[in-house]
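*Asks:* Before we start, here is the structure in question, set down as structure tokens.
The values are calculated or read from the model by the stated rules, or taken from the named source; none is laboratory data. Being a predicted model, the structure only gives us computed values, none of them experimental. Here the Cβ positions follow ideal geometry from the backbone for every residue, glycine too, while neighbour counts run over all protein chains shown. These area figures cover heavy atoms from the full protein model, side chains too; ligands, DNA and RNA do not enter into them. Shrake-Rupley method; radii C 1.70, N 1.55, O 1.52, S 1.80 Å.
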Amino acid sequence: MTGNPADVFAPAKLGPITLRNRLIKAATFEGRTPEALVSDDLIEFHRRTAAGGVAMTTVAYCAVAPEGRTTRKQIWMRPEAVAGLRRLAEAVHAEGAAVSAQIGHAGPVANPASTRLPALGPSRRFNPLGMTATRAATRADIDRIVRAHAEAALLAAESGFDAVEVHLGHNYLVSAFLSPRLNRRGDEYGGGLAGRARLAREVTRAVRDAVGDRIAILAKLNMDDGVRGGLVPEESLQVAAWLEEDGSLDAIELTAGSSLLNPMYLFRGDAPLKDFAAVFPQPQRLGVRLLGGRLLRAYPYRDAYLLDDARAFRAALRTPLVLLGGITGAATMDLAMREGFAFAAMGRALLMEPDLPDRVRKDRTVVSACIHCNRCMPTTYRRTRCVLVE
Ligand SMILES: Cc1cc2nc3c(=O)[nH]c(=O)nc-3n(C[C@H](O)[C@H](O)[C@H](O)COP(=O)(O)O)c2cc1C
Ligand code: SF4
């Protein structure tokens, strides 16, 4: 970077909108939608986050289709959802922040035992969550899901949202298509990278065509699946370059990991095996305790842990980028600005302390008290919370 780095608390443009600063609340599925619709509890969660000084909060997760949910208690975008989303947007705006909806399709990460609908993936695969096979998406499924992303974005705009974040990460459906390990298709949506990236490009293009410049469009893209045979940074960088060429996005938030095959790669820190097992009834509980150590393989935490990979994206792209992963206070926020990222996103730090941005703004020595125990992760099955404060 040349010149003075941006002040993280100065306003910034994100496509057609202006944010009051450069801090974004990352999507953390809130588990506060028992009827698959916005609840007062969900509104209060985002109102509190907005009141804490962040520029934009992200509602997670808004599935584009009923089978694309990790639980049937997740919102799926349909006209019935608009009234609640509108109330939520008004509550966030009243606190001076903007609001984004994370839209996507969980694909092989969906839980068919909960949604009571077959899970879809790029290719047929055994799904331990539903004890059934994930069905390979047909051409008709793909067309429907591309359209559903566009319709979901339109509903978000109609609900007064300022942005949508298209989920292209964590081996959710579009990310599963990007993965050479999960995508074994022989048609134009599989094979080489151009085929595997086709769905990501079509989905983001359809969203842009639907909403134009009415709202900002971000994508959350995996740099690295963190699994053998998965998407690697060199390929992801090419995907990001194609998305940039397409002109469908106002910003890209860089992430990593697979909710399906290697979830702790997203988070780093402790693997909360005991808490995770406790969520399940017997006999699954025993199974999770015995076998979960393999799935929940822990990775050491450090602040700004995705920066090394993200630097290569910053160097190669013009698109504004959002640095995510272990942003905890003024030092990492400033680092993100110095390294040329347009925004910094925080998940756990704001789940624990929604007022962290305001406190850091007033006192630059304030740092997140989150200890990366990741015990908030299994709380998503009931009602997402930081176990140390609630
Ligand atoms: C409880 C919890 C729920 C999450 N739910 C989502 C989600 O619905 N969608 C998503 O893309 N990421 C989700 N994430 C990942 C975060 O957005 C973020 O990528 C991750 O926590 C790393 O950022 P951090 O170090 O600031 O926490 C979740 C994280 C946590 C802790
Ligand atoms: S439970 Fe709280 S302290 Fe532990 S990782 Fe989650 S937010 Fe941080």
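*Asks:* Which of the residues spanning region 350-390 are near ligand 2 (Cβ under 8 Å from one of its atoms), open to solvent by 40 Å² or more (accessible area, probe 1.4 Å) and either under 18 Å from the mean Cα position of the chain (by Cα) or not small (Gly, Ala, Ser) (or both)?
*Replies:* 371, 375, 385, 388, 389
*Asks:* Could I ask something else about it? Read through the list (1) in contact (Cβ under 8 Å) with a residue 40 or more places away in the chain; (2) away from ligand 2 (no atom under 14 Å from the Cβ); (3) touching a Lys or Arg at 6+ places or on another chain (Cβ under 9 Å); (4) closer than 26 Å to residue 23 by Cβ, then give the number of the only condition that residue 268 fails.
*Replies:* (2)
*Asks:* Name the residues in region 114-139 that are modelled with pLDDT under 95, in a strand (DSSP E or B) and in contact with a helix residue (DSSP H, G or I) (Cβ under 7 Å, 6 or more places away or on another chain), would you?
*Replies:* 125, 127, 132, 134
*Asks:* Also: Of all residues being of a type in the set (A, V, I, L, M, F, W, C) and at pLDDT below 95 in region 1-25, which is farthest from residue 327 (Cα to Cα)? Just the residue, please.
*Replies:* Across region 1-25, the extreme among qualifying residues is 1.
*Asks:* Can you give me the ranges of the helices (runs of 4 or more DSSP H) entirely in region 316-390 with at least 3 residues that are over 15 Å from residue 49 (Cβ atoms) and away from ligand 1 (no atom under 13 Å from the Cβ)?
*Replies:* Ranges flagged: 330-338.
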